[in-house]
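Here is the structure we will look at, set down as structure tokens.
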Amino acid sequence: MIKRFFIALSLIILAGTFAKVVYNFVPNTELTNVAKHYVQHGTQELGATNLVTAVVVTYRGLDTLGEVVVLFISAAGVGLLLRRRKNDLVTKEEKRTEPSFLVQSVAEILVPLIFMLGAYIFLNGHLTPGGGFQGGAVIASGTMLLFLAAPYKHLNHGVLTALESISGFAYVLIGILGVTLLGAGHFIDNRFLPLGELGTLLSAGAIPIIYIIIGLKVGTELSVVLEDMREE
């Protein structure tokens, strides 16, 4: 009874707090000075038609690095929690149930298309909505469909781990190059490569390369998570 009372009291306090925040909320009628700079100068400074990309990859490059690190820690944590001990492995032959012919046929058609779509999303992240995180997630969804169609096949963890590590190192290296080559004073500056013609695929300096790296890193990490969860 006392436990329920404290739960109800906590919910009432929480509801009152949210109600006060909503009641006193005043929407901004104009952009802040930082936002104005992004809108007015982002395209000219960085050569990216997608303003979100310009902000995420360059102006807030360290924040994006933190997000990548969080994803890596999450993937490592899943692998650690789901790791099997040798004594727990099943040695007897288990009865296998093959997926339906329909699932296998659909996967043969869709998996390559999904991978191509994921690559398209992070290759064009500086031009259209999308980017490395979104493209990597799409690639991981293709991996999940592959597991459904071929549940007894295994990914090469060595290759995925190497690709994930190389991608992470390359991201940090590009960030350092932006500082050392340009002396820009911030972690990532895409302008150490030519900005190119605005609106074309080979534009926005190093942003396309950065999104390729992020897409590969996110795709491999999520695929490893799916592999670990499937094996468990």
Relative contact order (percent, whole number), the chain, Cα cutoff 8 Å, 6+ residue spacing | 26
From the C-alpha gyration tensor of the stretch 142-232, pull out the three semi-axes of the equivalent ellipsoid (sqrt of 5λ each), sorted largest to smallest, in whole Å.
-> 34, 15, 8
Order these peptides, 206-218, 7-19, 45-57, by their mean beta-carbon neighbour count within 10 angstrom, highest first.
-> 206-218, 45-57, 7-19
Counting only pairs 8 or more places apart or on different chains, how many lysine pairs in the chain have C-alpha atoms closer than 24 Å?
-> 5
Relative contact order %, the stretch 119-175, counting alpha carbon pairs below 8 Å whose residues are six or more apart | 19
Given [x] 29; [y] 45; [z] 50 as possible values of percent of Cα pairs over 28 Å apart, the one from the coordinates is [z]
Starting with the highest mean, order 156-162, 111-117 by the number of other Cβ atoms within 10 Å, averaged over the residues of each peptide.
-> 111-117, 156-162
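All of the numbers you see were taken from the coordinates with simple rules; none came from a lab. What you are looking at is a predicted structure, and each value in this text was computed from that prediction instead of being measured. No Cβ is skipped: glycine too gets one built from the backbone with ideal geometry, and neighbour counts run over all protein chains shown.
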